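Let me begin by presenting the structure, written as structure tokens, before commenting on it.
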Amino acid sequence: SKIRSVLHRISVRTQRTLRIANLAELKALGVTPETYGSLSYERTQEIGDAAAFLGFDGILAPSARWPCQNLIVFTERFTPADLSVVSSEPVDWDDWRRRRDAERRQRGGKS
């Protein structure tokens, strides 16, 4: 049987989120921008550990692979009332790949 994926949009109520706006701010924290998208997570995990230790409930940071921000939440700091599903929709991975490849071609990148 085919695996079915569902995309959920989730509303999250945070209280104290560390905001890292761009790669320059990540670089100041010791992350090498040239290797940020690689599978080497040691430095970013150290940043996450430090943020959790300092009492942050999450981190808003640039995605390593997409032109967007990622919200990383430390789930142990949230109650069910802090999270709610706003909407859900099935994911058509074939359509997603076609769109991704078309966007990359428009930007002059690889497929």
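Go ahead and run the numbers for FRET between THR14 and SER38, Cβ-Cβ distance against an R0 of 35 Å, rounding to 0.05. Walk me through the intermediate numbers first.
Values: r = 28 Å, r/R0 = 0.80.
That pair, THR14 with SER38, gives E of 0.80.
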Which one, SER5, GLN15, PHE78, is farthest towards the positive end of the dipole of the chain when Lys and Arg carry +1 and Asp and Glu -1 on their Cβ?
SER5
Using a Förster radius of 30 Å, what is the FRET efficiency between ASP92 and PHE53 based on their Cβ-Cβ separation? Nearest 0.05, please.
0.15
From the helices alone, meaning DSSP H stretches of at least four residues, give me the mean residue ellipticity at 222 nm for the chain, per-run term -39500 (n - 2.57), in deg cm²/dmol to the nearest 500.
-9000 deg cm²/dmol
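Once fully extended, how much extra length lies between ALA21 and PHE74, figured as 0.36 nm per residue of separation less the alpha-carbon to alpha-carbon distance? The partial results should precede the final answer.
On the way: separation 53, 0.36 × 53 = 19.08 nm, distance 1.87 nm.
Answer, rounded to one decimal: 17.2 nm.
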From phi via Karplus (6.51, -1.76, 1.60), per-residue ³J(HN,Hα) for the range 28-33 in Hz, x at Gly/Pro
4, 8, x, 8, 7, x
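Using unit Cβ charges (K, R positive; D, E negative) and no other charged atoms, how large, in debye to the nearest 20, is the dipole of the chain about its Cα centre? It would help to have the intermediate numbers written out before the result.
Working: 18 positive and 14 negative charges, 102 e Å.
Taking the Cα centre of the chain as origin, the dipole is about 500 debye.
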Using Cα springs under 10 Å in a Gaussian network model of the chain, which residue among GLY30, GLY48, GLY58 shows the largest mean-square fluctuation?
GLY30
Karplus-derived 3J(HN,Hα) from phi for the range 11-26 (6.51 cos²θ - 1.76 cosθ + 1.60, θ = phi - 60°), whole Hz, x at Gly and Pro, runs 8, 10, 9, 9, 10, 9, 9, 6, 9, 10, 6, 7, 5, 4, 5, 5
Could you tell me which label, among (i) 9.4; (ii) 8.9; (iii) 7.0, carries the value of mean projected area of the Cα convex hull in nm² calculated for this structure?
(i)
State, to one decimal in nm, how far the label point of GLU103 lies from the label point of SER5, with both points 7 Å from Cα in the Cβ direction.
1.3
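None of the figures in this text is laboratory data; all of them are computed from the coordinates on show. Model, not experiment: these values are computed from the prediction. Cβ sites come from the backbone with ideal geometry, for glycine too, and all protein chains shown count toward neighbours.
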